[in-house]
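Notes follow once the structure below has been shown.
The values are calculated or read from the model by the stated rules, or taken from the named source; none is laboratory data. Note that the structure is a prediction, hence the values are computed from the model and not measured. Because the Cβ atoms are built from the backbone with ideal geometry, glycine has one as well, and the counts that use them run over all protein chains shown.
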């Protein structure tokens with residue numbers, strides 16, 4: 001009974017309104033959002049394992065990283081932790097070893113989550129891997145010279 005009364009009251013109120021006076025609420029302003037980054041661009045160069053650098057058509061340089069939550073992008077002028085660590089010769093490069101496997105190099109890096117291992121052909125080494133490989137070769141040559149003396 002109550003539902004019937006409420007329905008009748010509501011329908012009479014709606015019928016009494018002047019359709020010219022009631023207008024739909026104004027549409028919310030549409031803000032243009034940058035499209036979500038879903039993939040690393042084709043021309044991107046890998047500067048460290050999983051870290052890519054790319055220059056857009058306007059000349060702005062971007063850094064990309066694939067994470068468990070998708071691809072992340074930020075301006076390249078931001079501090080790059082891995083590159084800084086490599087340049088300073090600390091942490092990341094000291095925890096990484098390189099072992100030759102024919103025409104490839106196997107890298108092992110100690111992380112807080114366990115050992116991370118990857119293999120890359122010598123012709124495809126990026127800057128980060130090349131520096132580690134060169135450092136590893138210098139250290140092994142120095143140890144061989146010390147053993148001979």
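What the table shows:
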{"item": "Search result, residues across region 100-122 that are surrounded by fewer than 13 Cβ atoms within 10 Å (Cβ to Cβ), more than 20 Å from the chain's Cα centre (by Cα) and at negative phi", "result": "101, 103, 115, 119, 121"}
{"item": "Residue that is at pLDDT 85 or above and over 9 Å from the mean Cα position of the chain (by Cα), where the choices are 71, 61", "result": "61"}
{"item": "Among (1) out of contact with any helix residue (DSSP H, G or I) (no Cβ under 9 Å at 6 or more places or on another chain); (2) modelled with pLDDT under 90, the one test that residue 96 misses", "result": "(1)"}
{"item": "Options 9, 40: the member that is at pLDDT 85 or above and not assigned by TED's automatic domain parsing to the domain that holds residue 140", "result": "40"}
